[in-house]
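Participant: One structure follows; several queries about it will come next.
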Amino acid sequence: MSRYNARATEKKWQSVWTENRSFATTEDRSKPKYYVLEMFPYPSGRIHMGHVRNYTMGDVVARFRRAQGYNVLHPMGWDAFGMPAENAAFENKTHPATWTYQNIDNMRRQLQELGFALDWEREFATCDPTYYAHEQAMFIDFLEAGLVYRKEASVNWDPVDMTVLANEQVIDGRGWRSGALVERRKLSQWFLKITDYAEDLLTALGDLDRWPQKVRLMQENWIGRSEGLRLFFDLQNAPAGYDKLEIYTTRPDTIFGASFCAIAADHPLAQSLAANDPTLQAFIEECRVTGTSEEALEKAEKKGYRLTVDAVHPFDPSWKVPVFVANFVLMDYGTGAIFGCPAHDQRDLDFARKYDLSVIPVVVPDGEDAATFQVGNTAFVEPGKLANSRFLDGLTVEAGKADVAARAEAGGFGERTVNFRLRDWGGSRQRYWGCPIPVIHCEACGIVPVPKADLPVKLPDDVTFDKPGNPLDHHPTWKHVNCPTCGKPARRETDTFDTFIDSSWYFARFCSPTAATPFDREAVDYWLPVDQYIGGVEHAILHLLYSRFFTRAMRKIDLLGIDEPFAGLFTQGMVCHETYRAESGEYLLPEQVERIGEGQWHHADTGQPVTVGRSEKMSKSKKNVVDPTNIIDTYGADTARWFVLSDSPPERDFEWTAQGVEGAWRFSQRLWRLVTGLTEHAGAINQPANQSAPETIGDDALALRRATHKAIAAVTRAIEDFHFNRAVALIHEYVNSLNDFKPTGSADSGFAVREGLEALVIMVNPMMPHLAEELWHGLGHVTLANDSPWPKAEVALLVDDSVTIAVQVQGKLRDTITVAKDMDQKDLEALALGLEKIQRTLEGRAVRKVIVVPNRIVNIVV
RNA sequence: GCCCGGGUGGCGGAAUUGGUAGACGCGCCGGACUCAAAAUCCGGUGGUAGCGAUAUCGUGUCGGUUCGAGUCCGACCCCGGGCACCA
């Protein structure tokens, strides 16, 4: 029998789809709409297996929903601004635009080879001025709507290269190219007011019932709502204007355990005192050496500097606590100042032990004696009863919080506050390859937005990357413009947008990608929200939160009428592969090694032994990558698609193995042989005899029909639930039943086979669309599998007459019996007790109880 | 450091609401076909003991709840993702 030739066949059907414009979005409003979107790729140069996995899942959903009768939108585009293009420009002397558009061409071709049902007519790249012009217009509207403002913020500064570094470019506190110690530096930047929506972004998570619970939890914690108290401490010995210190606490109940106050290095009080205190100045400088990432700040050794200032306890004028500048207090959170209660906060405790401050337990665990309870090196953070706290003694933590807050408010030295961990979104980047921020700085008029008629502010092409820093700053003419308001010479903003801004509204642009405005209102009203969004879990917080905010911001300027961009979200796991190392220690590509036995590998050319490392995320540095193009050339796109859907549950990491691809390839061949082999028994199509089940049907044909309809029901459910690996297993099982079926040549047999084959081909279609088209064609159809409706399961064929029931003694399986479904419980019990194996196990012991779970289990308790 | 997730045979994994642990695939073993190989087809395959019927252990570790726990509860160990300028 001939083999299925994937390469030729895939090309053929791809041409047919293109000619038919099979995936162009229809504007058929009579059908329910379904918008499926995968996170668009950064055009790094080549598609990697992570993309293949992501876009295959999206493609399954798109084709499945289309078959179910939905009007499907499934677009693709490019998240095309970003650092790698500038790095390439620096390293290879190619212009970022040239590099990016070449990469896009390559990657588009790779995606098309995979046969994805994408509407390429809607493609765009975020670096196209036709895209970012609208982003600039929206920014100006946001500015007018009060959604953006300027503020000083810290950046990583490389003092040798004289440039701002991304956190990723800071390695062990040093610049990645210069090796110089990085310092934090303040810069005036644009901020988007995401905190205006903190409460809303938090509460709306509750309605996102088609989002993974873990993503909602991560966002909830990221937003970090806390109810606390702003509390004022009088200061002694403080400089003029600093007679009060405002702190924020979520534990006002522990106020009598206070043993110090601490302020951030950036706090105005610290800055003021540093003017006359060189040691303090040096300490603040030292705090600045830490990077800006939260991880770097948190992991840094907790250090403090004792100020000459004291704070007066708000409930006792005679009680004074020392005030420190501490590197673990963040200016961005709360008020940039805290009071420390070492007994009930681990960080405060570590700090107190280091600087020899008192540790007064004021919360005592239930059942402990307040007089003797002590805290060692672990802070007590559980609930308990308040003690050593004067008027609070005996209260619970909660009651204590309320009491302190009430007294502070009544006394005018405190105020209840809701605080968020979420900070405003810094949107400025000191880089070339991003969307220019459309404002002009004028000495006379201040900040002037570029008039909308002058948009887009395009990036200049003639830039150089020979010196570090922002090429827009170095450009001889670009930034020199006249003020649109007063006409005098002014300076164009040379910062560009954070690329997260580009990706915060692209899903809306896809609804009407050529609109003269960001998007047509009618189009977004119809298509949004995205019904199913799919992407990596690494985007669980930032990208998804920014997009949720941006949608609200766009609503505020009346561009659309919804709050939530993504009704359904699925986050997929990474693609991993074993790592291989030669004796020299260098990493080897999977194609450079050869398996010579169980766990034994050697170098394919030299025969040198190779050590195999554990499976890790595919990465260029570890060389554990497999190029999708090689796989498509060897096995075809369908094999690659089928394999990435098999085995691993989509939300978990996927392990790429050579044997796995082989297995997938063998299955495609097996399917080909099965269907082509059975086709002659299946009878011709479009004959009245084949349109409904024959009135009399033999046992074998009936059994096959049951298997068919069970498979339809189970596969449909599995795809709906994103259990693609289960769908694959179910199709395997069903193929096994079809394989075992012996056609008799009678009408009922022929009907069952044809019904089964057609259902099988359509069920396989979302996953292996080229093979499905070929098989569909082979079955005699002139229409496309792609245009065929999803099969429907007949409910009557889904239930069995008999069930197998487990019989347990003391919860341990001892036997099984097959009985009629829904058998009477008493009869079942008697039957189970009468089983020989059960009698042997019981050894005459008296039965105390029998638990019967209908159609499932009988458990005998002795 | 903080937040989130995961851990089941040799491997990837399956297992409605707590109800037959190991579906399906890979690998391996045996057989058929073949001059031979590849491909394909058939059978077997969690560990231990046993010729076998069978017994017993077994879902990261320890403990608990229950007639019954991979699933629920508590403590711990290991691996992965995110931490605001990577995308």
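The values are calculated or read from the model by the stated rules, or taken from the named source; none is laboratory data. These numbers were taken from a predicted model, which means no experiment stands behind them. Every residue, glycine as well, gets a Cβ built from its backbone with ideal geometry; the counts of neighbours run over all protein chains shown. These area figures cover heavy atoms from the full protein model, side chains too; ligands, DNA and RNA do not enter into them. Shrake-Rupley method; radii C 1.70, N 1.55, O 1.52, S 1.80 Å.
Participant: Could you look through segment A:41-77, keep only residues that are in contact with a Lys or Arg (Cβ under 8 Å, 6 or more places away or on another chain) and of a type in the set (Ser, Thr, Tyr), and pick out the one that is least open to solvent (accessible area, probe 1.4 Å)?
Facilitator: A:Thr56
Participant: Can you give me the number of residues within segment A:657-672 that are open to solvent by 10 Å² or more (accessible area, probe 1.4 Å) and more than 7 Å from RNA strand B (Cβ to nearest atom)?
Facilitator: Total satisfying the criteria: 3.
Participant: Would you pick out the residues in segment A:763-799 that are in contact (Cβ under 8 Å) with a residue 60 or more places away in the chain, of a type in the set (Gly, Ala, Ser) and either assigned to a loop (DSSP other than H, G, I, E, B) or closer than 30 Å to A:Asp827 by Cβ (or both)?
Facilitator: A:Gly780, A:Ser788, A:Ala793
Participant: Return a yes/no flag: does segment A:638-653 have any residue that is within 24 Å of A:Asp740 (Cβ to Cβ), acidic (Asp, Glu) and near RNA strand B (Cβ under 10 Å from one of its atoms).
Facilitator: Yes: one or more hits.
Participant: Which of the strands (runs of 3 or more DSSP E) contained wholly in segment A:800-859 include at least 1 residues that are in contact (Cβ under 8 Å) with a residue 24 or more places away in the chain and more than 7 Å from RNA strand B (Cβ to nearest atom)?
Facilitator: A:802-809, A:849-853
Participant: What's the total number of residues in segment A:569-598 that are more than 34 Å from the chain's Cα centre (by Cα) and within 16 Å of RNA strand B (Cβ to nearest atom)?
Facilitator: 5
Participant: Are any residues in segment A:117-132 crowded, with 19+ Cβ neighbours inside 10 Å and either without any contact (Cβ under 8 Å) to a residue 60 or more places away in the chain or not aromatic (Phe, Trp, Tyr) (or both), and if so, which ones?
Facilitator: A:Ala117, A:Leu118, A:Asp119, A:Arg122, A:Ala125, A:Thr126, A:Cys127
Participant: Among A:Ile731, A:Ile712, which is at pLDDT 95 or above, within 13 Å of RNA strand B (Cβ to nearest atom) and of a type outside the set (Lys, Arg)?
Facilitator: A:Ile731
Participant: Return the residue satisfying two criteria in turn: it lies in segment A:147-177 and is surrounded by 17 or more Cβ atoms within 10 Å (Cβ to Cβ) and more than 9 Å from RNA strand B (Cβ to nearest atom), and of such residues it is farthest from A:Phe465 (Cα to Cα).
Facilitator: A:Leu147
Participant: How many residues, within segment A:645-669, are aromatic (Phe, Trp, Tyr), out of contact with any His (no Cβ under 9 Å at 6 or more places or on another chain) and part of a loop (DSSP other than H, G, I, E, B)?
Facilitator: Count: 0.
Participant: Which pairs turn up if I take residues in segment A:197-225 that are under 21 Å from A:Lys556 (Cβ atoms) and look for partners that are small (Gly, Ala, Ser) with beta carbon separation below 7 Å, at least 6 apart in sequence or on another chain?
Facilitator: A:Ile223/A:Ala198
Participant: Here's something else I'd like to know. Select, from A:Arg230, A:Arg184, A:Arg210, the only residue that is away from RNA strand B (no atom under 16 Å from the Cβ), touching a Phe, Trp or Tyr at 6+ places or on another chain (Cβ under 8 Å) and open to solvent by 30 Å² or more (accessible area, probe 1.4 Å).
Facilitator: Only one candidate passes the filter, namely A:Arg230.
Participant: Of these, A:Val418, A:Val362, which one is open to solvent by 30 Å² or more (accessible area, probe 1.4 Å) and closer than 21 Å to A:Leu231 by Cα?
Facilitator: A:Val418
Participant: Another question, if that's okay. Run down A:Pro489, A:Pro456, A:Pro518 and say which single residue is under 30 Å from A:Val60 (Cα atoms) and open to solvent by 10 Å² or more (accessible area, probe 1.4 Å).
Facilitator: A:Pro518
Participant: Inside segment A:1-120, counting only helices (runs of 4 or more DSSP H) that do not spill past its ends, which hold 2 or more residues that are away from RNA strand B (no atom under 16 Å from the Cβ)?
Facilitator: A:6-20, A:49-67, A:96-113
Participant: Within segment A:154-178, count every residue that is among the hydrophobic types (A, V, I, L, M, F, W, C) and not in a loop (DSSP other than H, G, I, E, B).
Facilitator: Qualifying residue count, segment A:154-178: 6.
Participant: Which residues, counting only those in segment A:267-293, are among the polar types (S, T, N, Q) and in contact with a helix residue (DSSP H, G or I) (Cβ under 8 Å, 6 or more places away or on another chain)?
Facilitator: Answer for segment A:267-293, where residues must be among the polar types (S, T, N, Q) and in contact with a helix residue (DSSP H, G or I) (Cβ under 8 Å, 6 or more places away or on another chain): A:Gln271, A:Gln281, A:Thr290, A:Thr292, A:Ser293.
Participant: Then there is this: Please determine whether any residue of segment A:32-40 is touching a strand residue (DSSP E or B) at 6+ places or on another chain (Cβ under 6 Å), open to solvent by less than 20 Å² (accessible area, probe 1.4 Å), of a type in the set (Asp, Glu) and modelled with pLDDT of 95 or more.
Facilitator: Yes, because at least one residue in segment A:32-40 is touching a strand residue (DSSP E or B) at 6+ places or on another chain (Cβ under 6 Å), open to solvent by less than 20 Å² (accessible area, probe 1.4 Å), of a type in the set (Asp, Glu) and modelled with pLDDT of 95 or more.
Participant: Right, here's the next one. Checking the condition touching a residue at least 12 places away in the same chain (Cβ under 8 Å) and more than 16 Å from RNA strand B (Cβ to nearest atom), which residue from A:Leu472, A:Leu459, A:Leu422, A:Leu386 passes?
Facilitator: Unique residue meeting the criteria: A:Leu386.
Participant: How many residues, within segment A:608-645, are within 24 Å of the chain's Cα centre (by Cα) and open to solvent by less than 10 Å² (accessible area, probe 1.4 Å)?
Facilitator: Number of matching residues: 8.
Participant: Still on this structure, please answer the following. Just to be sure I understand, how many residues within segment A:221-252 are within 35 Å of the chain's Cα centre (by Cα) and among the aromatic types (Phe, Trp, Tyr)?
Facilitator: Total meeting the criteria: 2.
Participant: I need every pair where a residue in segment A:293-321 that is more than 16 Å from RNA strand B (Cβ to nearest atom) and open to solvent by less than 30 Å² (accessible area, probe 1.4 Å) has its Cβ under 9 Å from the Cβ of a residue that is of a type in the set (S, T, N, Q) and not in a loop (DSSP other than H, G, I, E, B), sequence separation at least 6 or different chains.
Facilitator: Partner pairs satisfying both residue conditions: A:Val309/A:Gln236; A:Ala311/A:Gln236; A:Val312/A:Gln236.
Participant: Which residue pairs have Cβ atoms closer than 7 Å, lie 6 or more positions apart in sequence or on different chains, and pair a first residue in segment A:232-255 that is at positive phi with a second residue that is aromatic (Phe, Trp, Tyr) and open to solvent by less than 30 Å² (accessible area, probe 1.4 Å)?
Facilitator: Sorted first by the residue in segment A:232-255, then by its partner, the list stays empty.
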